[in-house]
Amino acid sequence: MFYDNEELANLEKARQALEVDLNNPALFKDQRLYAETARRHNEVSRLVEAIIRFRKNEEDLIGARLLLEDPNPEMRELASLELAELENQKKSLNEELKILLLPKDPNDAKNTVVEIRAGAGGDEAALFVSDLFRMYLRYAESRGWKTELLATSPSEGGGLKEVVFLVDGVGVYSHLKHESGVHRVQRVPATETQGRVHTSTVTVAVLPEAEEVDVEIKPEEVKVDVYRSSGPGGQSVNTTDSAVRVTHLPTGLVVTCQDEKSQIKNKQKALTVLRARLLDRQIAERDQKISSERREQVGTGDRSERIRTYNFPQGRLTDHRVGLTLYRLLDIINGDLAEVISVVGSYFEARRLANRDHD
């Protein structure tokens with residue numbers, strides 16, 4: 001049985017304590033703490049409710065088995081049907097509880113830095129960077145998340161060679177982490193006179209936002225250069241040296257930011273991106289130490305892996321990791337990502353559960 005009476009009572013007390021915290025007006029002054037408290041409350045509530053349903057199911061199973069011995073044949077037949085339904089319900093509840101009890105990714109509750117870069121395809125790839133950027137912004141808006149632009153690099157064709165932005169909200173990283181990888185687009189460019197479909201690629205990297213306590217950057221490890229901001233084609237867009245280039249000397253990582261007119265703000269944003277990249281590197285190094293069987297090579301979310309195709313002539317989106325195909329591409333591009341993210345997330349949770357069961 002999952003949890004005895006005392007353990008369940010302790011979980012109930014924890015949930016009630018979190019509810020008291022959430023109703024404390026003082027908590028609203030710290031939005032980050034409020035979001036973390038709300039996430040923990042939701043997590044504990046889901047576990048408590050699943051345990052209660054599981055235990056109720058066990059009680060119902062005992063009753064149904066007793067009715068199998070009833071002298072009335074009609075009652076025995078009804079009990080047999082009910083027993084089959086309850087057994088199926090138990091399997092489902094058992095899987096749900098196993099997933100809820102899996103060790104949580106410590107980064108799931110973090111905010112997220114999303115980097116989108118043009119790959120193969122020139123101007124068409126840069127235009128698709130803009131499309132994906134808008135898609136994620138609209139999805140974030142639909143979930144009540146906040147977004148902040150950190151860095152952009154416009155292309156001469158009207159798109160973006162690169163865009164980096166922060167997404168702030170409850171459980172952002174847990175929702176978006178499987179978006180990392182190569183996104184392929186197939187469509188007819190506006191400049192194509194013969195109607196031929198072109199294929200381009202865009203790379204998405206989803207990084208958990210790193211606090212200073214997660215990644216320490218010593219002043220002597222950073223080289224900061226300032227220069228004059230410029231737009232596409234090299235034209236100057238600023239008359240002061242406000243653009244910032246931050247180089248992390250131990251790793252060679254370089255981050256540039258020129259979107260703000262303030263040199264201080266550009267430096268702060270560049271350091272935000274640098275911390276996220278350093279934390280991502282730490283996570284990658286940790287994962288490399290795990291055996292190949294445990295790394296879930298099919299659908300790792302590695303940014304070198306082609307994970308999804310957006311086919312505009314067919315109005316089709318295909319996620320190659322989970323075999324999902326949807327024929328409502330325009331809705332998805334306009335931010336209706338909920339079904340895609342839900343299916344992909346469930347797939348990876350099932351793989352984690354299968355890996356744990358094989359240990």
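Of all residues in the stretch 4-23, those that are farther than 19 Å from Arg55 by Cα, of a type outside the set (A, V, I, L, M, F, W, C) and surrounded by 11 or more Cβ atoms within 10 Å (Cβ to Cβ) total 3. Consider the stretch 316-328. How many of its residues are surrounded by 15 or more Cβ atoms within 10 Å (Cβ to Cβ) and over 19 Å from His178 (Cβ atoms)? Selection size over the stretch 316-328: 1. Taking the stretch 314-340 as the range and being part of a loop (DSSP other than H, G, I, E, B) and among the acidic types (Asp, Glu) as the test, only Asp336 passes. Name the single residue that is nearest to Glu141 (Cα to Cα) among those in the stretch 159-214 being more than 26 Å from the chain's Cα centre (by Cα) and at pLDDT 85 or above. Of everything passing the filter in the stretch 159-214, Arg187 is nearest to Glu141 (Cα to Cα). Only one entry in Leu132, Leu127 is touching a residue at least 12 places away in the same chain (Cβ under 8 Å), outside any loop (DSSP other than H, G, I, E, B) and touching a strand residue (DSSP E or B) at 6+ places or on another chain (Cβ under 6 Å), namely Leu132. Yes or no: the stretch 143-161 includes at least one residue that is assigned by TED's automatic domain parsing to the domain that holds Gln258, assigned to a helix (DSSP H, G or I) and touching a residue at least 12 places away in the same chain (Cβ under 8 Å). Looking for residues that are assigned by TED's automatic domain parsing to the domain that holds Gln258, assigned to a helix (DSSP H, G or I) and touching a residue at least 12 places away in the same chain (Cβ under 8 Å), one finds none in the stretch 143-161, hence no.
I need the full set of residues from the stretch 107-146 which are over 24 Å from Phe312 (Cβ atoms), surrounded by fewer than 20 Cβ atoms within 10 Å (Cβ to Cβ) and not small (Gly, Ala, Ser), in order please. Within the stretch 107-146, Asn107, Asp108, Arg143, Lys146 meet the criteria. Here Arg55 clears all of (1) exposed (fewer than 14 other Cβ atoms within 10 Å of the Cβ); (2) under 30 Å from Glu85 (Cα atoms) except the condition numbered (1). Taking every residue in the stretch 80-104 that is under 11 Å from Leu353 (Cβ atoms) and pairing it with any residue that is in a loop (DSSP other than H, G, I, E, B) and among the aromatic types (Phe, Trp, Tyr), at least 6 positions away or on another chain, the pairs with Cβ-Cβ distances below 7 Å are Leu97/Phe2. Of all residues in the stretch 192-215, those being out of contact with any strand residue (DSSP E or B) (no Cβ under 9 Å at 6 or more places or on another chain) and under 17 Å from Ala120 (Cα atoms) number 1.
Assess whether Leu176 counts as being in contact with a helix residue (DSSP H, G or I) (Cβ under 6 Å, 6 or more places away or on another chain), farther than 27 Å from Val197 by Cβ and touching a residue at least 12 places away in the same chain (Cβ under 8 Å). So Leu176 does not fit the description; no. On the given criteria, is Val322 modelled with pLDDT of 85 or more and in contact with a Cys (Cβ under 9 Å, 6 or more places away or on another chain)? Spelling it out, it is not the case that Val322 is modelled with pLDDT of 85 or more and in contact with a Cys (Cβ under 9 Å, 6 or more places away or on another chain).
Quick one: in the stretch 216-254, which of the residues that are among the small types (Gly, Ala, Ser) and touching a strand residue (DSSP E or B) at 6+ places or on another chain (Cβ under 8 Å) is modelled with the highest pLDDT? Applying the filter and picking the extreme gives Ala243.
Every residue, every condition in (1) in the same structural domain as Arg281 (by TED's automatic domain parsing); (2) within 35 Å of the chain's Cα centre (by Cα), yes or no:
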position: Pro73; (1), (2): no, no
position: Ser80; (1), (2): no, no
position: Leu86; (1), (2): no, yes
position: Lys90; (1), (2): no, yes
position: Glu95; (1), (2): no, yes
position: Arg117; (1), (2): yes, yes
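The values are calculated or read from the model by the stated rules, or taken from the named source; none is laboratory data. Worth saying up front: this structure is predicted, and the values here are computed from it rather than measured. Note that we place each Cβ from the backbone using ideal geometry, even for glycine, and neighbour counts take in every protein chain shown.
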